[in-house]
1. For Val78, what is the net charge nearby, where nearby means another residue's Cβ is under 14 Å from its Cβ and Lys, Arg count +1, Asp, Glu -1?
2. Output the relative contact order of the range 77-155, whole-number percent, from Cα pairs under 8 angstrom with separation of 6+ residues.
3. Might you work out the accessible area of Ser110 for me, using a 1.4 Å probe with all protein chains in place, and round it to the nearest 10 Å²?
4. Could you please report the charge total around Gly98, scoring K, R as +1 and D, E as -1 over all other residues with beta-carbon less than 10 angstrom from its beta-carbon?
5. Helix-only estimate, please: 222 nm mean residue ellipticity of the chain, summing -39500 (n - 2.57) across DSSP H runs of length 4 or more and dividing by its residues, to the nearest 500.
6. Starting from the range 59-115, pick out the GluC sites (Glu not before Pro) whose DSSP state is loop and whose Cβ has at most 11 other Cβ atoms within 10 Å.
7. Please report the relative contact order for the chain, taking Cα pairs under 8 Å with a sequence separation of at least 6, and give it as a percent rounded to a whole number.
8. Of all the accessible heavy-atom surface of the range 73-164, with the other protein chains kept in place and a 1.4 Å probe, what percent is carbon and sulfur?
Amino acid sequence: MKITSVATERLMLHPLSVGEAERIVAREPAEQDLWGDGYPGDGDVRSSTGFLRGVVERGDPGVFRPYVIRLLESGVSVGGIGFHGPPDELGVATVGYGLVPGARGKGYASEALRALLEIARQAGAEGVKGDADLDNPASHRVMEAAGMPCVAEDDKLRHFYLGF
């Protein structure tokens, strides 16, 4: 499957490259990078670090990689969303996401997650899972709004899953 940017109504999900990941980890944008206030966040740095480690260990992950969330109108990067790696032995991919504070509460995360779910479905995943701390109701709402129902809860996390 070809790796391309995916446009939604208000966003562009741009597949992260090795060079971009290296700049995010270093927190040093190139001239062409349009980073919003607060980008990259700590989650973006962790995700980019994991992506770079995975490329070294397993090669390019194809579509099951991190994506930069950019505002479609301006091209400004306001967060990240993506897969923690390829689907597991059951064909289930794990997702994560985060937005800079100024982009939260506008429905961007749910919009981006719906697009990411479609990427996973088209790439042949059997399903997608995610989790969030019990004290993070905003993240619970994101997954539920994107169509991922809560399937379990333990003493620390709520677990969400959507099968295809």
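1. For residues surrounding Val78, the net value is -1.
2. Normalised by residue count, the contact order of the range 77-155 is 29 percent.
3. It works out to around 10 Å².
4. 0
5. -9500 deg cm²/dmol
6. The qualifying sites are Glu73, Glu89.
7. Relative contact order here is 19 percent.
8. Of all accessible area on the range 73-164, carbon and sulfur atoms account for 50 percent.
The values are calculated or read from the model by the stated rules, or taken from the named source; none is laboratory data. The model shown is predicted, which means the values in this text are computed figures rather than measured ones. Every residue, glycine among them, receives a Cβ derived from its backbone with ideal geometry; neighbour counts consider all protein chains shown. To get the accessible areas, we keep the full protein, side chains included, count just its heavy atoms, and leave off ligands, DNA and RNA. Shrake-Rupley method; radii C 1.70, N 1.55, O 1.52, S 1.80 Å.
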